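Q: Got a structure for you, written out below as C-alpha cells; questions coming shortly.
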Amino acid sequence: MISKKGYKIEQLKAYPITYGLIIINTIIFLVPFFFDISPEDLFEVGAIYGPDIVLHEQIWRLFTAMFLHGGIEHIAMNMLSLWFIGRVAEVWLGGVSYIGIYFISGLMGGLASIYMHPVTVGVGASGAIFGVFGALAGMVMVHRKKMEAQFKAFMKEFGVILLLNLGIGIAFESVDLTAHIAGLVMGIFGGAMVAKSRKLIWLYILISFMIMIPFYNHLYTLYVSILNAQF
C-alpha cells in the first residue's frame, strides 16, 4: 500500500515536466508575496510588450512572459489546464517533444500577440498550454483510424474546450485569443509530426524557427511604420 506522501513522489517522478512547470509558475507567482517585489516589477522586466521586444530587441520577454500571470484566477485556470492535459501529453509525446512543443507554441503565441496588439502588455502560459492541447489533437488525428471510439470522444471534448475558450475570449477583452490560436496551430502541427516519429521534433523546432525569425524581422518594419504614422 502506497502512502499519500509516496503517491505524491511517484506522481512527480511519473510527470516531472508537467509538475516542474506548475511548480516554477507557482513559485514565480508567489515571489511578490514573500519579497519586496511587486507584480508590476516582474511585468516590467518580463512581460510581453511589443515595442520592447521588437524595437529594443528584448526577445527574452517572449519566454519570460510564459511564467508570469495577471492574478490568482489567471494562474489557477492555466495550471489546472496544464495539470489535466500535461500529464497525458508527457506520456504520449515523450519529454523532449512535450517541452519542445510547449515552448515553441508559447513563443509563437507571443509573436502573434504583439502582431495583433502592438502596444498591449501580455503575460501568461495560455499559448504554450494551447499548444500542448493542440499537440494531442494532432497526434489523435494522425492515429484516428487506430483509435476509433477514443478519437471521437477526444475530438468531442476538444471541440467543447475550444468553444468554451473562444467564448471566454469574446466575453473578456483581457483574454488574448490571438496567442491561444497561434499556440494551438503550432501544437497541432508539432503533434502530427511527432505522431509519425518522435525524432521529427527536431525538424519541427527547425521549421518553427524558420517561420518565427522572418516573422520577427517583419515586425520591426511594421513597428517602425506605426511609429512614423504617429509622428
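Q: Largest first, please: the extent of the C-alpha atoms of the range 13-230 along each principal axis, to the nearest Å.
A: Principal extents (largest minus smallest coordinate, Cα): 55, 41, 34 Å.
Q: Then there is this: Report D for the range 48-130 in µm² per second (integer): Stokes-Einstein, Kirkwood Rh on Cα pairs, 20 °C, 1.002 mPa s.
A: 162
Q: Let me ask something else. Cα centroid distance between the range 8-68 and the range 93-123, in Å?
A: The range 8-68 and the range 93-123 have Cα centres separated by 13 Å.
Q: Another one. With r defined as the distance between the Cβ atoms of residue 117 and residue 35 and R0 fixed at 25 Å, what FRET efficiency is calculated, to the nearest 0.05?
A: After rounding to 0.05, the efficiency reads 0.25.
Each reported figure results from applying straightforward, stated rules to the coordinates on display, with no laboratory input. Please read all numbers here as calculations on a predicted model, not as lab measurements. Virtual Cβ from ideal backbone geometry, glycine too; neighbours counted across all protein chains shown.
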